[in-house]
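The next block holds one structure in the form of structure tokens; read it before the comments.
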Amino acid sequence: MNQVIKELYDIETQARETMENAGLSKQKLQEEKKRQMEEINMGLAAELEGRMTTLQAQLEEQAKEDIRRLVENNRQQMEQLNASYGDNLSGYAQEIVRKITEV
């Protein structure tokens, strides 16, 4: 009978140790999972920052090109208007004088 009680006690002790080890293993796994998630999040944040920087640079370059194109188009239009005005200055002046003298 003592032998049975001793074996039951040993089984209970082993079960308690197994449960404690399982609890420690679970805690270690949770800590490792948390650490891995933090590493993944940091990696993703760095990757997103890199992508954002690249996209921002591309957008800035595109905006500069758009502005350059607009400036060039405006310059060409001004040149055309100045040329038209210069070519027709005499006619415009005569038309103005004619309208003034009609009144």
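Before we move on, is Thr13 more than 39 Å from the chain's Cα centre (by Cα) and of a type in the set (Ser, Thr, Tyr)? Yes: the conditions hold for Thr13.
Here are Thr18, Thr13, Thr54: which of them is in a helix (DSSP H, G or I), open to solvent by less than 100 Å² (accessible area, probe 1.4 Å) and modelled with pLDDT of 95 or more? Outline the logic, then answer.
Values: Thr18 fails: modelled with pLDDT of 95 or more; Thr13 fails: modelled with pLDDT of 95 or more.
After applying the criteria, what remains is Thr54.
Collect the residues in the stretch 1-10 that are in a helix (DSSP H, G or I) and not charged (D, E, K, R), keeping them in residue-number order.
First, the residues of the stretch 1-10 that are in a helix (DSSP H, G or I): 2-10.
Asn2, Gln3, Val4, Ile5, Leu8, Tyr9, listed by residue number.
Considering Lys34, Lys6, the condition of being at pLDDT below 90 and open to solvent by 100 Å² or more (accessible area, probe 1.4 Å) is satisfied by Lys6 alone. Among the residues making up the stretch 84-100, those that are hydroxyl-bearing (Ser, Thr, Tyr) and open to solvent by 100 Å² or more (accessible area, probe 1.4 Å) are Tyr85, Tyr92.
The values are calculated or read from the model by the stated rules, or taken from the named source; none is laboratory data. Values in this document were obtained by computation on a predicted structure and should not be read as measured data. Ligands, DNA and RNA are stripped out before the accessible areas are found, and what is left, the full protein with its side chains, is counted by its heavy atoms. Shrake-Rupley method; radii C 1.70, N 1.55, O 1.52, S 1.80 Å.
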